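First up is the structure itself, then whatever we jot down about it.
The values are calculated or read from the model by the stated rules, or taken from the named source; none is laboratory data. Small disclaimer: the values here were computed from a predicted structure and weren't measured. With ideal geometry, Cβ positions are generated from the backbone for all residues, glycine too; neighbour counts draw on all protein chains shown.
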Amino acid sequence: MDIQTVLFDLDGTLTRSGEGIINCARYAAEQMHCRGPEDWSVFIGPPLVDSFRRFCGLGEAAAEEAVTWYRKRFREVGWEENAVYPGIPRLLRSLRAAGIHAVIVTSKPEEFAVRIAERFGLSPFIDGIIGPGMGEQQPDKEHLIRRAMSQFPGLYVMVGDRVFDVEGAARAGIPSIFAAYGYGRMEEAEGAMAAAESPQALLDLLLPEGPRARGLFLSMEGVDGCGKSTQQQALVAEMQRLGWEIVLTREPGGEEIAEKIRQLILDPGNTGMQDVTEAYLYAASRAQNARMRILPALERGEMVICDRYVDSSIAYQGGGRQLGMDRIRELNAWATENCMPDLTVYLRMEPHEALARRLSTSVPDRLEREQDSFFQRTFEAYEKLYDGRDGWRVVRVNAANSIEAVTQEMLMRVRQRLADLAKRDRQNEQE
């Protein structure tokens, strides 16, 4: 398909916004003391005034008042009752790599659409957002499509999940693709040039032979007991909410053979293991995990989240074992084919506090039985590493705060860093 600009509907095409829309529609109906439809999902897609008139039996003035109540709740909480469809980040990143414009065309007020695009990580890959102003009489989809066409170059295709998108595109004289994974029914696809059952199928329709964006690699680091397991759960949930397909792994381990190596490394009975042996075992586990899980997932455009990676060996074996940080770095560069994270979350906590937390919840493994001086050297190695050339990819979070505060800080900083990475990639493409 030879296209220059893809026009995307927002609700039901890029995001799963049904929860917020339905909750706000019900709230507005309650404030208006009117009954609503049995299936509230009919509010997803068409202009709100039309929906309140049609499905709640309100007159013109009452419908306008209902929209005011709807937007009150939507502005406060409803806009964030949302999630991006799995695979959308890869779709938008691939379009960007192919030099194709992506524009949101929505009946949702532009103010809300902009807020949603920014909160859910879509903004860096979107060239424009077209929607009605807050005080504007809601235009139909044809009008919005034509507005977008006046600002961005053709050839165009409209992608949406409702009949309004298909018919609006036809009246504007452009083809459409029906997002069958959204909220519409298949009979609404009549007139569309094709239907996509998933974002991946949509990507194949838009770029049948085009480039596919590489995935992203995130690692989590910190001394034992800093709270990585808890915060990893929060990070995974947030990234899934942003539409990323996640591959979880850990080190040592993460893959069948690598997990067997992990057992050797952490077995408390292996007290005679030499420091150099330990370093090579970590590298061997990592070589297996990188080649069998991490690199293939990145090729598929997925996000890899790894509990520890090369930085742990540089800190623990290079610093803690005093084998030399540069020597461990070189060993692992060969083991991993120089595959390093795009972003690292460093949960920073003083070693004595972190280890006390760890030992209070589980039986210590071989490494956790080391002397305090070992963990102090490890902590200092982390600090040196992230103050140096690797600091650009690191999100530092104060892990000594409450779990809720750590989560909030981490997710805010990660979202910002992902936006920065997208801007960097865009600048590289333009150079």
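Remark: ARG53 falls outside the filter, which requires a residue to be among the charged types (D, E, K, R), part of a helix (DSSP H, G or I), within 17 Å of ASN82 (Cβ to Cβ) and at pLDDT 95 or above. Restricting LEU355, LEU347, LEU323 to those that are surrounded by 15 or more Cβ atoms within 10 Å (Cβ to Cβ) and assigned to a helix (DSSP H, G or I) reduces the list to LEU355.
Can you tell me which residues in the range 38-82 are surrounded by fewer than 17 Cβ atoms within 10 Å (Cβ to Cβ) and either touching a Ser or Thr at 6+ places or on another chain (Cβ under 9 Å) or at positive phi (or both)? Listed by number, the residues that qualify are VAL42, GLY57. For the range 127-138, a residue qualifies if it is surrounded by fewer than 20 Cβ atoms within 10 Å (Cβ to Cβ), within 19 Å of LEU48 (Cβ to Cβ) and in contact with a helix residue (DSSP H, G or I) (Cβ under 8 Å, 6 or more places away or on another chain), and the qualifying residues are GLY133, MET134, GLN138.
GLU368 versus (1) at pLDDT 95 or above; (2) in a helix (DSSP H, G or I): which is the lone unmet condition? Failing condition for GLU368: (1).
Tell me, which residue of the range 296-344 that is of a type in the set (Asp, Glu) and at pLDDT 95 or above is nearest to LEU385 (Cα to Cα)?
The extreme case among them is ASP311.
Set side by side, the residues LEU58, LEU91, LEU95 differ, and just one is at pLDDT 95 or above and outside the structural domain of MET149 (by TED's automatic domain parsing), which is LEU58.
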